[in-house]
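Peer 1: Take this structure first; my questions come after.
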Amino acid sequence: MKPIVLLLLAMLLLTACTARDHPAQDGSDATRKIDLATDRARASYMVGVDVANDLRPIRDDIDLEIVQQSMRATLSGQKPQLDAKQLDQVRREFTAQLREKRARQAREVAERNRRTGEAFLVANAGKPGVVTTPSGLQYQILRPGSGPHPGASATVSIHYIGRTLEGREFSNTYAAQHPETLPLPRVMPGLAEAMTLMTPGSRYRFWIPGPLAYGEAGRAGDIEPNATLVFDIELLESAGGDRE
């Protein structure tokens with residue numbers, strides 16, 4: 001948690017943390033537009049946003065009313081009901097519980113995405129023009145190219161659009177107006193294999209199974225564990241390690 005948030009969290013919780021148990025009504029403080037005319041007001045608003053975002057991941061694992069009570073007691077100088085040793089033990093146990101909960105949730109998401117991806121790829125394999133490689137990678141040629149195929153050690157320059165199976169775009173070099181240069185030994189296995197199938201000037205669509213993409217780790221913030229990904233790729237050029 002950010003240091004500035006730690007310093008001011010107590011004050012904010014003393015006045016605002018019971019909002020969960022008292023839903024906002026029209027015209028209440030929670031729905032009233034906030035006056036942010038001064039630096040202090042804007043800084044206060046920023047801290048409030050940070051506090052909410054920091055608490056959001058654990059809001060279902062804590063009782064905000066008890067958080068408020070313990071802060072009031074501590075700020076008023078009362079002796080804590082738990083001593084330092086007990087607090088440290090609770091802290092370790094709570095951290096372990098959260099870690100296990102997050103790991104369990106990640107496993108559930110990974111398994112769901114694995115099943116969804118496998119079902120999609122089975123259906124997709126029967127569509128005209130779709131080719132499945134021995135690894136499970138699928139592709140369709142949108143525009144042929146010419147010249148040598150990149151080898152496994154090549155560095156390629158590409159334009160691409162990356163999407164999830166649901167169609168959510170997570171990367172687009174066309175929109176950025178700048179191609180990306182990738183050394184194939186350093187990219188995900190499915191993308192490295194995909195590049196070796198192309199020739200300069202070609203455009204392919206690839207469906208990369210989760211294990212050949214970001215796997216069970218996913219990519220923090222935008223790609224779930226075991227997600228099957230869709231890439232439209234244009235190979236601009238390749239250097240080093242080309243093969244015929």
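Peer 1: Only one of these is out of contact with any Cys (no Cβ under 8 Å at 6 or more places or on another chain) and modelled with pLDDT of 95 or more: PRO80, PRO148, PRO57, PRO134. Name it.
Peer 2: Step by step, each of PRO80, PRO148, PRO57, PRO134 is checked, and only PRO134 is out of contact with any Cys (no Cβ under 8 Å at 6 or more places or on another chain) and modelled with pLDDT of 95 or more.
Peer 1: For segment 23-36, check the following and say yes or no: at least one residue is part of a helix (DSSP H, G or I), surrounded by 12 or more Cβ atoms within 10 Å (Cβ to Cβ) and modelled with pLDDT of 90 or more.
Peer 2: no
Peer 1: Now a separate question. Assuming ALA227 fulfils every condition listed in (1) surrounded by fewer than 20 Cβ atoms within 10 Å (Cβ to Cβ); (2) of a type in the set (Gly, Ala, Ser); (3) out of contact with any Lys or Arg (no Cβ under 8 Å at 6 or more places or on another chain); (4) assigned to a loop (DSSP other than H, G, I, E, B) apart from one, which condition is it?
Peer 2: (1)
Peer 1: I would also like to ask the following. Of all residues in segment 185-213, which are part of a helix (DSSP H, G or I) and under 16 Å from TYR139 (Cβ atoms)?
Peer 2: Residues satisfying the conditions are PRO189, GLY190, LEU191, ALA192, GLU193, ALA194, MET195, THR196, LEU197, LEU212.
Peer 1: Still on this structure: Counting only residues that are buried (at least 16 other Cβ atoms within 10 Å of the Cβ) and in a loop (DSSP other than H, G, I, E, B), how many does segment 131-152 have?
Peer 2: Result for segment 131-152: 4.
The values are calculated or read from the model by the stated rules, or taken from the named source; none is laboratory data. Since we're looking at a predicted model, the values are computed, not measured. Heads up, the Cβs are rebuilt from the backbone with ideal geometry, glycines too, and the neighbour counts pull from every protein chain shown.
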